[in-house]
1. Report, by residue number, each residue of segment 347-366 that is surrounded by 14 or more Cβ atoms within 10 Å (Cβ to Cβ) and either out of contact with any Leu (no Cβ under 7 Å at 6 or more places or on another chain) or assigned to a loop (DSSP other than H, G, I, E, B) (or both).
2. Please state which one of GLN224, GLN215 is within 9 Å of the ligand (Cβ to nearest atom) and touching a residue at least 12 places away in the same chain (Cβ under 8 Å).
3. Being open to solvent by less than 30 Å² (accessible area, probe 1.4 Å) and among the small types (Gly, Ala, Ser) narrows it down to one of ALA166, ALA170, so name that one.
4. With respect to PHE55, determine if the residue is at pLDDT 95 or above, in contact with a Leu (Cβ under 8 Å, 6 or more places away or on another chain), open to solvent by less than 20 Å² (accessible area, probe 1.4 Å) and not aliphatic (A, V, I, L, M).
5. For PHE110, indicate whether it is more than 14 Å from the ligand (Cβ to nearest atom), open to solvent by less than 30 Å² (accessible area, probe 1.4 Å), closer than 19 Å to LEU205 by Cβ and of a type outside the set (Asp, Glu).
6. For residues in segment 295-334 being of a type in the set (A, V, I, L, M) and open to solvent by 60 Å² or more (accessible area, probe 1.4 Å), which is modelled with the lowest pLDDT?
7. Quick one: PHE204 ticks every box in (1) away from the ligand (no atom under 12 Å from the Cβ); (2) open to solvent by 50 Å² or more (accessible area, probe 1.4 Å); (3) in contact (Cβ under 8 Å) with a residue 24 or more places away in the chain bar one, so which box is it?
8. When segment 62-102 is examined, which residues are found to be in contact with a strand residue (DSSP E or B) (Cβ under 8 Å, 6 or more places away or on another chain) and away from the ligand (no atom under 15 Å from the Cβ)?
Amino acid sequence: MSSEEFTVTPWSVEGEIDYDKLMVKFGTEKISPELEARIEKITGEVHPMLKLGYFFSHRDLDKIITEYEKGNKFYLYTGRGPSGKIHMGHLLPWIFTKYLQEKFDVKLIFQLTDDEKFLYSDQKSMEDVKKFTEENILDIIAIGFDPKKTKILIDTKDIKRIYPIALEIAKRITFSTVKAVFGFENSTNIGMIGFPPIQAAPCFLPSIIEGKPTQVLIPAAIDQDPYWRVTRDIAEKMGYPKPAQIHSKFLPGLGMQGKMSSSIPETAIFTTDDDKTVDKKINSTFTGGQPTVELQKSLGANFAICPVFWYLRYFFDTEKKSDERARKCKSGGLLCGECKGNLKDATKPFLKEFQDRREKAKDIVDKFMFE
Ligand code: TYM
């Protein structure tokens with residue numbers, strides 16, 4: 001695959017992603033400075049993930065804000081496919097979702113697509129997926145969502161809440177549409193082919209819960225967008241508002257290319273990793289550095305392709321510090337060992353605190369569940 005080529009689907013992200021091209025391909029809109037300013041007026045501050053362009057694209061976010069300004073609240077909806085442990089990449093959209101919940105004071109539906117992950121993987125049994133579901137719920141709660149305003153929906157457990165809506169959706173989407181949008185083939189199992197309405201259904205659940213058309217805003221990385229494209233096409237025909245989205249980029253893995261993914265565990269930092277594991281993974285991280293110290297000092301390094309840089313920028317550095325880091329890196333005034341050291345020093349206490357909250361989450365799981 002040349003660096004010009006990339007693919008982004010809900011199940012695979014490959015190549016060097018050109019996010020501007022992706023927005024054109026998916027038909028989404030860039031978050032404009034004007035829209036950012038309207039958000040700031042309501043929230044009092046622009047979250048760094050928005051300011052730094054990590055959340056960069058949207059569909060109908062302007063409409064959500066217009067309605068909110070008129071006093072009409074929306075619901076948040078996001079989710080997780082419980083296929084393994086939670087890594088730092090997953091945390092970014094959830095931390096942002098928590099910020100939105102707090103600042104806009106809105107309810108959240110959090111879907112766990114255990115069915116999807118069972119169907120998708122040849123290796124995983126329903127028991128495996130159940131175990132990951134239980135574990136992942138602890139991570140979700142540890143983010144700090146408001147238990148009074150958050151419901152976690154597990155597909156196989158709570159199916160009765162979404163099945164009637166999913167059926168209405170399924171009846172309106174053809175095989176040729178999902179084939180084109182999701183790339184399904186004749187060899188795809190029919191469970192996967194029938195799955196998209198299950199992930200689409202929570203877009204309309206708030207309207208049913210509230211008993212009136214209710215807007216939904218979905219914060220997620222842009223890989224999930226194909227679901228919303230098909231859902232938006234049928235929403236109004238079904239009498240519901242089109243779901244709105246706010247899309248993030250991907251946190252890169254610690255390898256040479258690609259997003260952080262649990263399927264390449266040595267390049268992902270999991271929320272349950274201990275200090276030793278974090279040290280080991282970061283020590284062997286790919287960077288944008290030169291082969292020798294001398295070359296680095298004379299030629300400078302390439303922060304743009306360095307996962308250590310991006311990881312520090314999105315999680316731990318202030319904007320000022322990050323810009324300074326980029327400048328020094330480019331001019332040869334910074335060696336990779338220093339950045340790796342900064343990343344280790346920041347990640348370990350962050351994870352320790354997260355693991356404490358994860359432990360405490362065990363006592364409050366019931367508060368987040370649908371009865
Ligand atoms: P899943 O489990 O693949 O991913 C969960 C969330 O994490 C985002 N994500 C990432 N974000 C940044 N950097 C990365 N490296 C990275 N990897 C994953 C995903 O975009 C997602 O927001 N089918 C879905 C589960 C789901 C869902 C939803 C997700 C059900 N309903 C509504 C978002 C919104 C899935 O398997 O996500």
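1. THR347, LYS348, PHE350, LEU351, PHE354, GLN355, ARG357, VAL365
2. Being within 9 Å of the ligand (Cβ to nearest atom) and touching a residue at least 12 places away in the same chain (Cβ under 8 Å) holds for just one of GLN224, GLN215, which is GLN224.
3. On the way: ALA170 fails: open to solvent by less than 30 Å² (accessible area, probe 1.4 Å).
After applying the criteria, what remains is ALA166.
4. On the way: at pLDDT 95 or above: yes; in contact with a Leu (Cβ under 8 Å, 6 or more places away or on another chain): no; open to solvent by less than 20 Å² (accessible area, probe 1.4 Å): yes; not aliphatic (A, V, I, L, M): yes.
So PHE55 does not fit the description; no.
5. no
6. Applying the first criterion (of a type in the set (A, V, I, L, M)) to segment 295-334 yields 295, 299, 301, 304-305, 308, 312, 326, 334.
Within this subset, residues satisfying the condition of being open to solvent by 60 Å² or more (accessible area, probe 1.4 Å) are 295, 299, 305.
Numbers: LEU295: 94, LEU299: 95, ILE305: 91.
Here the answer is ILE305.
7. The one condition PHE204 does not meet is (2).
8. Hits for segment 62-102 are LYS63, ILE64.
The values are calculated or read from the model by the stated rules, or taken from the named source; none is laboratory data. This is a predicted model, so every value here is computed, not measured. Cβ coordinates were reconstructed from backbone atoms using ideal geometry, including for glycine residues, and neighbour counts include every protein chain displayed. SASA here: full protein model, heavy atoms, side chains in, ligands and nucleic acids out. Shrake-Rupley method; radii C 1.70, N 1.55, O 1.52, S 1.80 Å.
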